[in-house]
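A short write-up of the structure that comes next.
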Amino acid sequence: MQKDLPELRLLTTPTAQLQVSGATLVDVARVAGVSPITVSRALNQPHLVRPNTLAKVQAAVQETGYAKNMQPGALASSRSKLVALVLPTISNQIFADMVQGTSDTLTEAGYQLLLGFSGYEEWREEILVETILSRRPDGIILTGTLHTDSTRRRLQQAGTPVVETWDMTASPIDTVIGFSHEEVGHATATHLLQRGRKRFAILTAGDPRAARRNQGLQVALAKQGISVMATHTAAVPGTLPAGREGAARLLDAHPDLDAIVCSSDNLAHGALIEAGSRGLDVPGKLAVMGFGDLNFSSHTVPPLSTVRVDGARIGAAAAQAILERLDGAAKAQPARSVNTGFELIQRGSS
């Protein structure tokens, strides 16, 4: 079955001509050992090119980092005034807040935003990055630090300012702005251990950043001689119904659980509903923790304990880092690593 392709949306249409940067068609021709006309034909009419020649051109494109310019009449002396933001989804309020923070900062500086949605898949992100580079953006903002080798190589070759967000790494492509998911896991474990919890389960969606939080949680618990009793993985993005179903399975298999740690507030909300339907006292019998501090989280019954991350701040900081990098002649280069932190919010569910 054919995979759905990632989605790319231009929110507003830039008026400036787009810049040409990085490797040129001539560079590709030199590496491939063919003429620029042959390279052009291979990129635009590959069915007219012999297979061995096409393979040489494709290898040269990879080696040089060349990105086909999709904008007719682009001028090398101008900027696109376009910054791309790649998100896994926009259905999560946290990411919507990030889009707003990014857009507000860019708009004030005269830039416009291109959105791409990768669906938590590295292969989708790779396709998006290739498409985005063909538009010659002035900057690219990515969600997370886990990418295919090809994506990292293409971005490093392109010379376009890149900001990775929502995570921390010792080896960023360019600049990283976010927080440590492992530290979120540690803080969650500490919070629940201090409240006497000993029998833990994890309710998660298949998000690599959630996996890092879960790893941090389990490491902190292991230091106290405690192991997670069970893990249930829901499909991404985790929804309220998936949370209720997952909590039901966990509680059916381990009725003595006294803490369920969820990778999102949506999953946690579902777990609260399931606990309520069983007459379980929350937090007396069972503690439930979420992640995200979404707009409903303080209004659940009981109010949901969770971890707050400022998506708008991350978006604004990422946009500002791009702008500072573009204005590098006038301003100091932005820090390669900015930790925006997080806040554990204790409410009635723990």
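The values are calculated or read from the model by the stated rules, or taken from the named source; none is laboratory data. No experiment lies behind these values; they were computed from the predicted model shown. We place every Cβ from the backbone using ideal geometry, glycine too, and count neighbours over all the protein chains shown.
Across the stretch 102-114, the qualifying residues are those that are more than 16 Å from Ile314 (Cα to Cα) and of a type outside the set (S, T, N, Q), and the one among them that is surrounded by the most Cβ atoms within 10 Å (Cβ to Cβ) is Tyr111.
Scan the stretch 227-244 for residues that are surrounded by fewer than 18 Cβ atoms within 10 Å (Cβ to Cβ) and either more than 24 Å from the chain's Cα centre (by Cα) or in contact (Cβ under 8 Å) with a residue 40 or more places away in the chain (or both) and the total you get is 4.
Restricting to helices (runs of 4 or more DSSP H) lying wholly in the stretch 1-80: which have 1 or more residues that are among the hydroxyl-bearing types (Ser, Thr, Tyr), at pLDDT below 85 and crowded, with 18+ Cβ neighbours inside 10 Å?
On the way: elements: 25-32, 36-44, 51-64.
Result: 51-64.
I'm checking my understanding of the structure. Among residues of the stretch 193-239 that are among the charged types (D, E, K, R) and touching a helix residue (DSSP H, G or I) at 6+ places or on another chain (Cβ under 7 Å), which one is nearest to Leu250 (Cα to Cα)?
Of the stretch 193-239, the ones among the charged types (D, E, K, R) are 195, 197-199, 207, 209, 212-213, 223.
Narrowing the set further to residues that are touching a helix residue (DSSP H, G or I) at 6+ places or on another chain (Cβ under 7 Å) leaves 209, 212-213.
Working: Arg209: 22, Arg212: 21, Arg213: 19 Å.
It comes out as Arg213.
Whether a residue is under 30 Å from Leu106 (Cα atoms) and either of a type outside the set (D, E, K, R) or over 29 Å from the mean Cα position of the chain (by Cα) (or both) was assessed, and Val261 does not pass this test. Filtering His269, His254 for residues that are of a type outside the set (Gly, Ala, Ser) and free of Cβ contacts under 8 Å to residues at least 40 places away in the same chain leaves a single hit, His269. Looking at this structure, is Glu245 closer than 18 Å to Val309 by Cα and among the charged types (D, E, K, R)? No, not satisfied. Residue selection: Gly206 fails the criterion of being surrounded by fewer than 16 Cβ atoms within 10 Å (Cβ to Cβ) and over 26 Å from Gly311 (Cα atoms).
In the set Gly284, Gly246, Gly292, Gly328, which member is within 30 Å of Ala170 (Cα to Cα) and either in the same structural domain as Ala189 (by TED's automatic domain parsing) or aromatic (Phe, Trp, Tyr) (or both)? Working first, answer last.
Numbers: Gly284 fails: within 30 Å of Ala170 (Cα to Cα); Gly246 fails: within 30 Å of Ala170 (Cα to Cα); Gly328 fails: either in the same structural domain as Ala189 (by TED's automatic domain parsing) or aromatic (Phe, Trp, Tyr) (or both).
Answer to the check: Gly292.
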